[in-house]
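Peer 1: Have a look at this one before I ask anything.
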Amino acid sequence: MSAKHISTPLTDDVIQSLRAGDRVLISGIVYAARDAAHKRMIELLDKGETLPFDVQGQVIYYVGPTPAKPGQVIGSAGPTTSGRMDKYAPKLLDLGLKGMIGKGYRNQEVKESIVKNQAIYFASVGGSGALLAKAIKTQEIVAYEDLGPEAIRKLTVENFPAVVINDSFGNDLYMEGTEKYRQD
C-alpha cells in the first residue's frame with residue numbers, strides 16, 4: 001500500500017479521505033509543541049488571551065527536538081507520548097486544530113473530540129527521531145523560547161511519514177489491530 005501525499009493546513013476534504021491505517025507523507029507547516037507548551041497555551045485561553053499561533057486547520061507534532069548539530073536544521077525529532085497532551089487536546093480541537101502527530105494511544109475524550117471536530121491523529125515511529133528529522137526542512141521558534149526543546153516551533157516538513165491512528169469516523173487502528181490479533 002502506497003502512502004498518500006497530504007499538505008497542511010488540513011482541509012475537511014483531506015481529513016474525510018483518510019482512514020485509520022492509511023500511511024501518509026505530510027508536507028507543509030507543522031507546529032511542534034509538548035507538555036509544557038500545551039499547559040501554557042491552555043492557561044492563555046483560560047485567561048481569555050489568544051494563542052501564539054492560529055491553530056485553525058493546523059497540525060501539532062508532539063516533539064521536543066534535540067539541538068541541531070552543525071549543518072543540520074534540527075536535531076533528533078522523534079514523537080513523544082501523546083497521552084500527556086490528552087487533557088489539553090479537546091480544547092485545541094474545539095478551536096479548529098485538525099491534526100496531531102505523536103505516539104501511543106489517545107483517551108476516549110480525545111477520540112470523541114476528534115470525531116466531533118472532524119480532525120485526525122497520526123502516529124510516527126518512536127525511536128526514529130534522526131530519520132524523521134530529515135523530513136524537517138526549516139524550523140523557527142514561535143513562542144516560549146525559555147522552554148528549550150519544548151518551545152513551540154514552526155516546522156516546514158516535506159514528506160514527513162506518519163500513519164493514521166484515529167480518523168474522523170471514530171476508527172482506531174490500535175484497537176482494530178488488538179482485536180484482529182485476538183481473533184487470529
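The values are calculated or read from the model by the stated rules, or taken from the named source; none is laboratory data. Not measured: the values here are computed from a predicted model. Here the Cβ is made from the backbone with ideal geometry for all residues, glycine too, and neighbour counts use every protein chain on show.
Peer 1: Is there a residue being surrounded by 18 or more Cβ atoms within 10 Å (Cβ to Cβ) and more than 11 Å from the chain's Cα centre (by Cα) anywhere in the range 77-85?
Peer 2: yes
Peer 1: Take Arg40 and decide whether it is assigned to a loop (DSSP other than H, G, I, E, B) and at negative phi.
Peer 2: Considered against the rule, which asks whether it is assigned to a loop (DSSP other than H, G, I, E, B) and at negative phi, Arg40 comes out as no.
Peer 1: So, one more: With the checklist (1) crowded, with 19+ Cβ neighbours inside 10 Å; (2) at pLDDT below 95; (3) farther than 26 Å from Thr138 by Cα in hand, flag the one item Met1 doesn't pass.
Peer 2: Evaluating Met1 over (1) crowded, with 19+ Cβ neighbours inside 10 Å; (2) at pLDDT below 95; (3) farther than 26 Å from Thr138 by Cα leaves (1) as the failure.
Peer 1: Okay, moving on. Please verify whether the range 37-46 includes one or more residues that are of a type outside the set (Phe, Trp, Tyr), buried (at least 17 other Cβ atoms within 10 Å of the Cβ), under 13 Å from Ile136 (Cβ atoms) and in contact (Cβ under 8 Å) with a residue 60 or more places away in the chain.
Peer 2: no
Peer 1: Being part of a strand (DSSP E or B) and in contact with a Lys or Arg (Cβ under 6 Å, 6 or more places away or on another chain) narrows it down to one of Val30, Val24, so name that one.
Peer 2: Only one candidate qualifies: Val24.
Peer 1: When you go through Thr66, Thr81, Thr8 one by one, which is the residue that is out of contact with any strand residue (DSSP E or B) (no Cβ under 7 Å at 6 or more places or on another chain) and of a type in the set (Val, Ile, Thr)?
Peer 2: Only one candidate qualifies: Thr66.
Peer 1: On to the next question. Could you check Val157 against (1) among the β-branched types (Val, Ile, Thr); (2) farther than 22 Å from Leu45 by Cβ; (3) at pLDDT 95 or above; (4) out of contact with any strand residue (DSSP E or B) (no Cβ under 6 Å at 6 or more places or on another chain) and say which number it fails?
Peer 2: Condition not satisfied by Val157: (4).
Peer 1: Something else about it: Looking at the range 101-146, which of its residues are of a type outside the set (A, V, I, L, M), surrounded by 18 or more Cβ atoms within 10 Å (Cβ to Cβ) and in a helix (DSSP H, G or I)?
Peer 2: Hits for the range 101-146 are Lys111, Ser113, Gly129.
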